[in-house]
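Below is one structure, written out as structure tokens; comments come after it.
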Amino acid sequence: MTVLSVNVNKIAVLRNSRGGHAPDVVRAARVCLDAGAHGITVHPRPDARHIQARDVLALAALCRERGVEFNLEGNPFAPPREHYPGFHALCAQARPAQATLVPDGDAQLTSDHGFDFGCDGATLRPHVAALKSLGCRVSLFVDAGDPAVADAAEVGADRVELYTGPFADAFAAGDAAQRLDACAETARRAQAAGLGVNAGHDLSQANLAAFLSTVPGVLEVSIGHALIDEALYVGLDTAVRTYVEILAGAPGGAR
């Protein structure tokens, strides 16, 4: 069964907009886990615009307490700065089950592309090795349709995460077939190279079932923005439970 990791970045955005501690990121994560989520994801950025280093450690402790996966995302190339010790330092402190490497720059509003293995492969290899020495499973963010996706295995990664933003946009426009085919083919190429396949970015209740019905063997989906949007209307517990039901009804899901 595909598992759900809930990204709670947006809870921190709301908290930081006012200052203080409300809404509480750890409390929100606890609600998600109580509702059936299989893990928690965060993507702290160097500018600390949402998730901060203290959140990372608190969420890591919660996930250890619950015996669930903590997935920490970030750019391994971003240097440390005030309030951000660097991705490797955070991983060394938090010891996430999974480290997902994403090539996002400081100015990006959100992650919007995968690694270029022709340019990044050699420089990624030592970062991957260092994270694996901490006991982290390592996943690399990749574009659907990348013919070089198998190179992720060559640099030592365990999994790739398909960037699903273009699929979500095409689905909303009513013309997702080509994007779905690209996701499915990329998943197959990755799996043939021995890589596990995750997926994330703009997946939602509306498009998740269609995605999983076409893309084979997806191990994990990381969902944040859409889930928090939906939770504004129905509540966080209900939103998470709905995703878990979708996953259970997908090919290979629990019956």
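Just want to confirm a number: the relative contact order over the chain, from Cα pairs under 8 angstrom separated by 6+ residues, in percent.
21
Expected output is a single nm value to one decimal: the length gained when fully extending between Val234 and Ala248, i.e. 0.36 nm times separation in residues minus the C-alpha distance. What is it?
Numbers: separation 14, 0.36 × 14 = 5.04 nm, distance 2.01 nm.
My answer for the length gained is 3.0 nm.
Spin-label point model (7 Å from Cα, Cβ direction): what's the Leu134 to Ala192 distance in nm?
Output for this residue pair reads 3.4 nm.
With θ set to phi - 60°, apply the Karplus curve 6.51 cos²θ - 1.76 cosθ + 1.60 along region 27-37 and write out the HN-Hα couplings as whole Hz, x wherever there is a Gly or Pro.
4, 4, 4, 5, 4, 4, 5, 4, 7, x, 4
Can you give me the distance in nm between label points at Val26 and Ala122, each placed 7 Å from the Cα along the Cα-to-Cβ direction?
4.5
Hey, rough spin-label estimate for Met1 and Ala173, points 7 angstrom out along Cα→Cβ, what's it come to in nanometres?
Output for this residue pair reads 3.5 nm.
Out of every Cα-Cα pair in region 127-255, what percent are more than 26 Å apart?
24
Of the peptides 89-98, 126-135, how do they stack up when ordered by the mean number of other Cβ atoms within 10 Å, highest first?
Working: 89-98: 19.4, 126-135: 15.6.
Final packing ranking: 89-98, 126-135.
If R0 is 22 Å, what FRET efficiency do you get for Glu185 and Ala148 from their C-beta distance, rounded to 0.05? Don't skip to the answer; put the middle values down first.
On the way: r = 13 Å, r/R0 = 0.59.
The formula returns an efficiency of 0.95 here.
Can you give me the long-range amide H partners of Glu69? Hydrogens built in the peptide plane at 1.01 Å from N, cutoff under 5 Å, separation of 5 or more residues or another chain.
Ile40
For region 1-149, take the alpha-carbon Rg, divide it by the Kirkwood Rh, and send me Rg/Rh.
Using Cα coordinates only, the ratio equals 0.96.
Calculate, for His113 and Glu65, the FRET efficiency according to 1/(1 + (r/R0)^6) with r their C-beta to C-beta distance and R0 30 Å; round to the nearest 0.05.
Approximately 0.30, to the nearest 0.05.
Quick note: the coordinates plus some simple rules give every number you see, no bench work behind them. Keep in mind the model is a prediction, meaning the values are calculated, not measured. All Cβ positions, glycine included, derive from the backbone under ideal geometry; neighbour counts span all protein chains shown.
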